[in-house]
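Notes follow once the structure below has been shown.
Please treat every number below as a calculation from the coordinates, not as lab data. Computed from a predicted structure; not experimentally measured. Using ideal geometry, Cβ is built from the backbone for each residue, glycine included, and neighbour counts are taken over all protein chains shown.
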Amino acid sequence: MRVVSLVPSLTEAVAVCAPELLVGATDWCSHPAGLEVPRIGGTKNPGTGKIAALAPDLVIANEEENRPQDLAALRAAGLDVMVTEVRTLDQAVSELARVLVRGCGLARPDWLDAAETAWRELPVPAAERAAVVPIWRRPWMVLGRDTFAGDLLARLGVRNVYAGHADRYPRIPLDELRACPADLVVLPDEPYRFGADDGPEAFPSLPAALVSGRYLTWYGPSLVRAPGVLSQALAGAG
């Protein structure tokens, strides 16, 4: 098999299981560390000609991270493109199994079973907390309905206050974000790199949980450690 991955999470999943299969990945595919494969551009602007020249048996993509026109161009070039949809943890597990087993011809990895166990054995949260979850500023954007990150947070006892919004990633003015009934603000370090000096100051009345975007938004081997890493970060917000 020759596989090109257009999604950092899927790149890591394949590379951990069978690195020899990967013949191309995006510029944003940063895990595992030291991954040495040809780079084919970004997730939103992949070089379709470069990908075709690599002659992959399979291109793996995601309906949210990759543009339909790019995937259509790859199919028009005669390539087999497998597109994942991940809106919940359960979907992530089933889609990872589909890509690795059916798409790449691999055995179901032990780490996928370990991830399921880690999330299934989470203790029941003592109390639910409501949170605003920004993912961008200038303009401010937050998690809305039907998101993988929102599902993970809900399993950890954090209710996204915009989970009922009509948009999945709505733009909300800062004054409205500050006025909404929330117990904390959750600030991931991707896609926008929120940090101690960039984000919490915008919400002076709320405790801030600075969380790893990799553990909040990536689906792959990181899911094994995600419950513990995220729980610790959320607990630190009081």
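Side notes on the structure shown:
- Gaussian network model of the chain, Cα within-10 Å springs - most flexible of Val161, Val99, Val37: Val37
- Taking P(r) over Cα pairs in 10 Å bins from 0, in percent as calculated from this structure, the corresponding entry among [x] 7, 31, 32, 21, 7, 0; [y] 8, 33, 40, 17, 2, 0; [z] 7, 28, 29, 21, 12, 3, 0 is [x].
- For segment 1-80, trypsin sites (Lys or Arg not before Pro) meeting the loop criterion (DSSP other than H, G, I, E, B) and having at most 15 other Cβ atoms within 10 Å: Arg2, Lys44.
- For the chain, the relative contact order comes to 16 percent (Cα pairs under 8 Å, sequence separation of at least 6).
- Placing a label point 7 Å from the Cα of Ala107 along the Cα-to-Cβ direction, none of the residues of segment 52-78 has a backbone N under 18 Å of that point.
- Karplus-derived HN-Hα couplings along segment 98-103 (A = 6.51, B = -1.76, C = 1.60, θ = phi - 60°), whole Hz, x at Gly and Pro: 4, 5, 6, 7, 6, x
- On the beta carbon distance between Glu20 and Glu85, with R0 = 30 Å, the FRET formula returns roughly 0.65.
- Proximity of backbone amide H atoms, modeled 1.01 Å from N, is registered between Arg159 and Arg129, Ala130, Ala131 at under 5 Å, excluding neighbours fewer than 5 places apart on the same chain.
- Residue order, fewest to most surrounding Cβ atoms within 10 angstrom, among Val81, Val16: Val16, Val81
- Chain lengthening between Ala33 and Arg120 when straightened (0.36 nm per residue, less Cα-Cα): 28.5 nm
- Look at where the Cα atoms of segment 107-155 and of segment 171-238 average out, and the two centres are 11 Å apart.
- Ranking of Ile40, Ile60 by count of other Cβ atoms within 10 Å, fewest first: Ile40, Ile60
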